[in-house]
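Accompanying notes for the structure given below.
The values are calculated or read from the model by the stated rules, or taken from the named source; none is laboratory data. All of these numbers come straight from a predicted model, not from anything done at the bench. Every residue, glycine among them, receives a Cβ derived from its backbone with ideal geometry; neighbour counts consider all protein chains shown.
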Amino acid sequence: MQTTTHSTARGATSRFLDQFGSQVTGVLHGFDRLRFRATLRMLFDPRRFDLYLGCCGVLLKHFGAFAEKLTERVRAAAYAQFEALGRPCRYLGGGDISKEELARQIAREDGIKEGPVALFACVEPCLSYRVRGDRQSRQIRLALEQRKCTHLYHYQMHPQFGLLHVRVQTWFPFTIDLCLNGREWLARQMDEISLAYRQRDNCFVWVEDPPRAQALLEAQRRGDWVARLQPLLEAAHPLHTEISAPMAGLHYYWSASQSEYATDVLFDRPESLARLYPRFLHHAVHSFSSPDVLRFLGRRVEEKTGAVPARFAGEVTTSLKTRPEGVRVRHTLNGNSLKIYDKEGSVLRVETTIVHPEEFKVWRPKEGDEEGEKSWRKLRRGVADLWRRGEVSAAANERYLEALASVSGSTALAEEAAAVCRPVRIEGRRYRALNPLNEDDGALLEALSRGEFVLQGLRNRDLCALLHQKSSCRQTQRRRAAAMTRKLALLRAHGLIKKVPRSHRYQITANGRRILTALLAARHANVEQLTKLAA
């Protein structure tokens, strides 16, 4: 059974669906993996932690014994909870063990549909306290530093969120990490309303009613996240109240340490995506430059040139990786990333991962002054701004799919390129063929394909600035402008660009965008591909 293709307010743009909609059965976009962190923020300041120990009546020299007693009680409470229910408790010594896969295996073997699955213990790095001696002052002091301690992973099959885990650090400052999956959550939501679907791994290859499923994903972004997460903390860490009690105002603060927001385009058949995906990969690797990645992830580029701003001090990378389940392209910008890969044969996934939310902005008042004046401020890690993470991530995925829409979905590379690789005659005037392998034509096509020209168009001076070094000689400038006018006429004759009425700007045509992709693919192709093109 197939469904009608639906476009949503976010997700795949209408342009992408116009190009490939006949092969698409639905689009779903929403949170995938979410990693939350609950911290006793006051205790991350050594001076305040010293004050906390004073409130507990603990001298600095007795800190080790005090912490060890609490650690033992945290462990004992966790083991007692799982052992009372007959669930396994295992120590995992190897770092190459997938805890999630092991938990899923245990759940399948024991038929766990709801409730605790297993408790795993392992030693992992963390930020925690130890007492250090200061030779200069001949005193001991508290030091917050990287070290290792035992962490307890509470895996459970939650009735609302599906399989999740809560990781409890068993040493001060007792940080809590919680990981859940938005697609697991969506499956539970669809089960509640009897909405049919087919799920593989953490994606859906078919959904009976995509708009209805999308409405459920939208509902995930709304709501009180603290109210959702706090009961999970209390169940996995029953001593949290006792640990916070000695110091007024001390409580666990929830933040999102990492968010993955995925846009899934569901194709009707694996063969449809298999035919298109290599072209998407080629386009992503060879056509998307650093300014494009900046634009995808919401950063500004130079308005006139479309180049990376001079004041930009970050790092942009693109990598291609072959995995057991397929090939993926990943673009990174200062730790945040945008990926594309094929899932389960028939799902095209574009995914934005945010680790450093401060790279984005949110319209809000100053923290601590909720009634104050609003302005564009840095996006916070706290769950209060998680809705905005969803917005900027959906917009990034949308811009990426918009850029992929220029890939031709129906004609071969040779067919796309053939039309402009032959001379044309218009109104008795002959225009030569374009040659993507020629140095001058290749540079012109590369400049024409730049991302900034998609929205704002291009001018004679824009291409001159990209293709020639700056010159103060007026005669040289006029000669270059005249030569560029002839090249623009050539591009118009081949249907790659069109004149914007009553302006000096040109727009790349929809057909021109596809042909540019094909020509540039030929320019970057290997010998075997060029042989096919020549044939």
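A few points about this structure:
- Residue among Arg135, Arg147, Arg108 that is on the phi < 0 side of the Ramachandran plot and touching a strand residue (DSSP E or B) at 6+ places or on another chain (Cβ under 7 Å): Arg147
- Selected residue (criterion: surrounded by the fewest Cβ atoms within 10 Å (Cβ to Cβ)) from residues of segment 275-302 that are more than 22 Å from Lys378 (Cα to Cα) and either touching an Asp or Glu at 6+ places or on another chain (Cβ under 8 Å) or of a type in the set (Lys, Arg) (or both): Arg275
- The set of residues from segment 84-126 being hydrophobic (A, V, I, L, M, F, W, C), surrounded by 15 or more Cβ atoms within 10 Å (Cβ to Cβ) and in contact with a His (Cβ under 8 Å, 6 or more places away or on another chain) comprises Ala103, Leu119, Ala121, Cys122, Cys126.
- Pick from segment 19-50, criterion surrounded by 22 or more Cβ atoms within 10 Å (Cβ to Cβ) and aromatic (Phe, Trp, Tyr), ranking: modelled with the lowest pLDDT: Phe20
- Those residues of segment 1-18 which are surrounded by fewer than 22 Cβ atoms within 10 Å (Cβ to Cβ) and either at pLDDT 90 or above or in a helix (DSSP H, G or I) (or both), in sequence order: Ser14, Arg15, Leu17, Asp18
- For segment 458-485, the set of residues classified as touching a residue at least 40 places away in the same chain (Cβ under 8 Å) and touching a Ser or Thr at 6+ places or on another chain (Cβ under 8 Å) consists of Asn460, Asp462, Ala465, Leu466, listed by residue number.
- Residues being closer than 19 Å to Gln169 by Cβ, without any contact (Cβ under 8 Å) to a residue 24 or more places away in the chain and exposed (fewer than 13 other Cβ atoms within 10 Å of the Cβ) - total across segment 127-156: 2
- Segment 190-199 - residue that is within 25 Å of Glu101 (Cα to Cα) and in contact with a strand residue (DSSP E or B) (Cβ under 8 Å, 6 or more places away or on another chain) and, of those, surrounded by the fewest Cβ atoms within 10 Å (Cβ to Cβ): Arg198
- For the criterion of being modelled with pLDDT under 90, more than 30 Å from Asp462 (Cα to Cα) and in contact with a helix residue (DSSP H, G or I) (Cβ under 9 Å, 6 or more places away or on another chain), Gly345 passes.
- Scanning segment 236-292 for residues that are under 20 Å from Thr317 (Cα atoms) and β-branched (Val, Ile, Thr) yields one hit, Val285.
- Here is the figure for segment 310-354: residues that are closer than 20 Å to Arg295 by Cβ and not in a strand (DSSP E or B) total 8.
- Criterion (exposed (fewer than 15 other Cβ atoms within 10 Å of the Cβ), in contact with a Pro (Cβ under 9 Å, 6 or more places away or on another chain) and over 30 Å from Ser22 (Cβ atoms)) met by exactly one of Glu373, Glu367: Glu373
- Total residues in segment 219-229, condition in contact with a Phe, Trp or Tyr (Cβ under 8 Å, 6 or more places away or on another chain) and not in a loop (DSSP other than H, G, I, E, B): 5
- Single residue of segment 485-535 satisfying the filter (at pLDDT below 90, farther than 16 Å from Leu445 by Cβ and basic (Lys, Arg)) that is surrounded by the fewest Cβ atoms within 10 Å (Cβ to Cβ): Arg502
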